[in-house]
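Each remark here refers to the structure printed beneath this line.
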Amino acid sequence: MLPQLVKLKGMALSLLFPQWCIGCGADGSLICYSCRVSLPRITPAICPMCGRPQPSGMICPGCVNWRAEIDGIRSPFRFDGVVRQAVHQLKYRNLRALAAPLAELLDDYMRTSPVPGDVLVPVPLHRKRLRERGYNQSGLLARELGRLAHLPVVDDCLFREQYTPPQARTSNVDERRSNVVGVFTCRDDRLRGNKVLLIDDVSTSGATLDACAAALKAAGAISVWGLVLAREI
Ligand SMILES: [Zn+2]
Ligand SMILES: [Zn+2]
């Protein structure tokens, strides 16, 4: 196509689908350059298990006695500021177009801080929640990330069998962790022998990722790591 036509097409598209930054309102993209560089990044040192900031770089107190199935959790960002707004828009405001720029941020992170995994599996929603929302935000992130990182995505093997109460209502980490035990099942053994990288938008206690990991390992996965966009600290 001629450059002028490409430009015209771009202008027409931006008229049809105007984009402005969810952080500052600037015209042009969903997360503008200046908001992107000031996102609340989690930088080393971190706990090698849960990936939360930990000045010593050693296992944090919260993970010492955690008999986890998940091999580790990593997250580029704290659940704060523009990242919090982005997750909210992606999840509750049906702004599905945000999945692409957010997956780019995950891909950038993986290039500098590789996380083990040869197949991406999004944390599933219960089918009732999926019906209500119409899409799984983690599934959107996984699909976009799979495209960027050239990794296959399997989103029809791991299922959430129980409708769990929102995590915010339960008070402590132990409660949250026991809340999701046995909630997930793998319905076939397609992931046997694979190194699975679970994808989710936000993680609080890591309980959901851990419960997914238990189901995946029961179905033969060799290792299961979690990569979440944002971490509640
Ligand atoms: Zn901005
Ligand atoms: Zn930890």
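The values are calculated or read from the model by the stated rules, or taken from the named source; none is laboratory data. Quick caveat, the model's predicted, so the values are computed rather than measured. Cβ placement follows ideal geometry from the backbone for every residue including glycine, while neighbour counts extend to all protein chains displayed.
Anything in the range 201-220 that is surrounded by 23 or more Cβ atoms within 10 Å (Cβ to Cβ) and not in a helix (DSSP H, G or I)? List them, or say none. Within the range 201-220, ASP201, SER203, GLY206 meet the criteria.
Checked against (1) away from ligand 2 (no atom under 16 Å from the Cβ); (2) assigned to a loop (DSSP other than H, G, I, E, B), ARG36 passes all but condition (2).
Across the range 103-116, a minimum of one residue is classified as surrounded by fewer than 16 Cβ atoms within 10 Å (Cβ to Cβ), charged (D, E, K, R) and within 16 Å of ligand 1 (Cβ to nearest atom).
Among the residues of the range 77-92, is there at least one that is farther than 27 Å from CYS32 by Cα, within 16 Å of ligand 2 (Cβ to nearest atom) and in contact (Cβ under 8 Å) with a residue 40 or more places away in the chain?
Pass one, the range 77-92, residues farther than 27 Å from CYS32 by Cα: none.
Among the residues of the range 77-92, not one is farther than 27 Å from CYS32 by Cα, within 16 Å of ligand 2 (Cβ to nearest atom) and in contact (Cβ under 8 Å) with a residue 40 or more places away in the chain, which makes the answer no.
The residues listed here are SER38, SER14; of these, the one that is loosely packed, with under 14 Cβ neighbours inside 10 Å and either closer than 21 Å to HIS88 by Cα or modelled with pLDDT of 90 or more (or both) is SER38.
Does the range 26-40 include one or more residues that are within 16 Å of ligand 1 (Cβ to nearest atom), farther than 18 Å from LEU140 by Cα and among the aromatic types (Phe, Trp, Tyr)?
Filtering the range 26-40 for residues within 16 Å of ligand 1 (Cβ to nearest atom) gives 26-40.
Within this subset, residues satisfying the condition of being farther than 18 Å from LEU140 by Cα are 26-29, 32-40.
Remaining after also requiring among the aromatic types (Phe, Trp, Tyr): 33.
There is at least one residue in the range 26-40 that is within 16 Å of ligand 1 (Cβ to nearest atom), farther than 18 Å from LEU140 by Cα and among the aromatic types (Phe, Trp, Tyr).
Residue count for the range 46-82 under the criterion of being within 26 Å of ALA211 (Cα to Cα), more than 16 Å from ligand 1 (Cβ to nearest atom), part of a loop (DSSP other than H, G, I, E, B) and of a type outside the set (S, T, N, Q): the result is 18.
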